[in-house]
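Read through the structure below, which is laid out as structure tokens, and then see the notes.
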Amino acid sequence: MTGEKGYRFLEHTADTYIAAYGKNLAEAFENAAAAMFEVMTDIEKVTPEIEDHVEVAAEDEQALLYSWLEALLVKSEINEMLYSKFEIFELTKTADEFKLKAKIWGEKFNAKKHVQKVGVKAVTYHQMEIIKEPAKTTVKFILDI
């Protein structure tokens, strides 16, 4: 997916509907995170200078997508951070659950540097889809804005 954004914004009347792509589930989840922060600001202006970690677990892949995005949103709010780089280094399925471990990079919100677009209130399950094809995975989700 080099050279192009790994996501696009879809038509929706009130909220933000996103399709994020990747060659596998991990890359699609990374691009979903980038798209969510692009809703909030221009992520090209967010310097990936502070590294942090995220770990989430869920009963299925859709719940894992929800938990991943929600964890990023909460971390962003609590720490007044914006994130622009995401690397999922572990995505596993056990007998009971799916687990995700990732490194994320960003910087503190700076009103002079970071344009404020739209605030994301929550991630939703409404119209959430995960479509797996041989060489491409697509995740679709709606953000409540």
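Restricting to the stretch 84-110, name every residue that is closer than 25 Å to residue 47 by Cβ and either at pLDDT below 95 or acidic (Asp, Glu) (or both).
Applying the first criterion (closer than 25 Å to residue 47 by Cβ) to the stretch 84-110 yields 84-89, 100-110.
Those that are closer than 25 Å to residue 47 by Cβ and either at pLDDT below 95 or acidic (Asp, Glu) (or both): 87, 107.
Hey, among the residues in the stretch 118-145 that are of a type in the set (D, E, K, R) and modelled with pLDDT of 95 or more, which one's nearest to residue 46 (Cα to Cα)?
By that ranking, first place goes to 140.
Going residue by residue through the stretch 31-39, is there one that turns out to be at pLDDT 95 or above and either not hydrophobic (A, V, I, L, M, F, W, C) or not in a helix (DSSP H, G or I) (or both)?
Yes; the residues of the stretch 31-39 include at least one that is at pLDDT 95 or above and either not hydrophobic (A, V, I, L, M, F, W, C) or not in a helix (DSSP H, G or I) (or both).
For residue 104, are the conditions met, namely being surrounded by fewer than 19 Cβ atoms within 10 Å (Cβ to Cβ), part of a strand (DSSP E or B) and either among the hydrophobic types (A, V, I, L, M, F, W, C) or within 11 Å of the chain's Cα centre (by Cα) (or both)? Full working, then the answer.
Details: surrounded by fewer than 19 Cβ atoms within 10 Å (Cβ to Cβ): no; part of a strand (DSSP E or B): yes; either among the hydrophobic types (A, V, I, L, M, F, W, C) or within 11 Å of the chain's Cα centre (by Cα) (or both): yes.
In short, no.
What number of residues within the stretch 44-84 satisfy the criterion of being over 16 Å from residue 103 (Cα atoms) and exposed (fewer than 13 other Cβ atoms within 10 Å of the Cβ)?
Looking only at that region, the number is 6.
Answer with yes or no whether residue 19 is part of a helix (DSSP H, G or I), surrounded by 14 or more Cβ atoms within 10 Å (Cβ to Cβ), touching a residue at least 12 places away in the same chain (Cβ under 8 Å) and in contact with a helix residue (DSSP H, G or I) (Cβ under 9 Å, 6 or more places away or on another chain).
No: the conditions fail for residue 19.
Just need a number here: residues in the stretch 85-102 that are free of Cβ contacts under 8 Å to residues at least 24 places away in the same chain and either of a type in the set (Val, Ile, Thr) or touching a helix residue (DSSP H, G or I) at 6+ places or on another chain (Cβ under 6 Å) (or both).
2
Go through the stretch 28-43 residue by residue and tally those that are surrounded by fewer than 16 Cβ atoms within 10 Å (Cβ to Cβ) and of a type in the set (Val, Ile, Thr). Spell out the reasoning first.
At the first step, the residues of the stretch 28-43 found to be surrounded by fewer than 16 Cβ atoms within 10 Å (Cβ to Cβ) are 42.
Pick out the ones that are also of a type in the set (Val, Ile, Thr) and you get none.
Total satisfying the criteria: 0.
The values are calculated or read from the model by the stated rules, or taken from the named source; none is laboratory data. What you are looking at is a predicted structure, and each value in this text was computed from that prediction instead of being measured. Note that each Cβ is placed from the backbone with ideal geometry, even for glycine, and that neighbours are counted across all protein chains shown.
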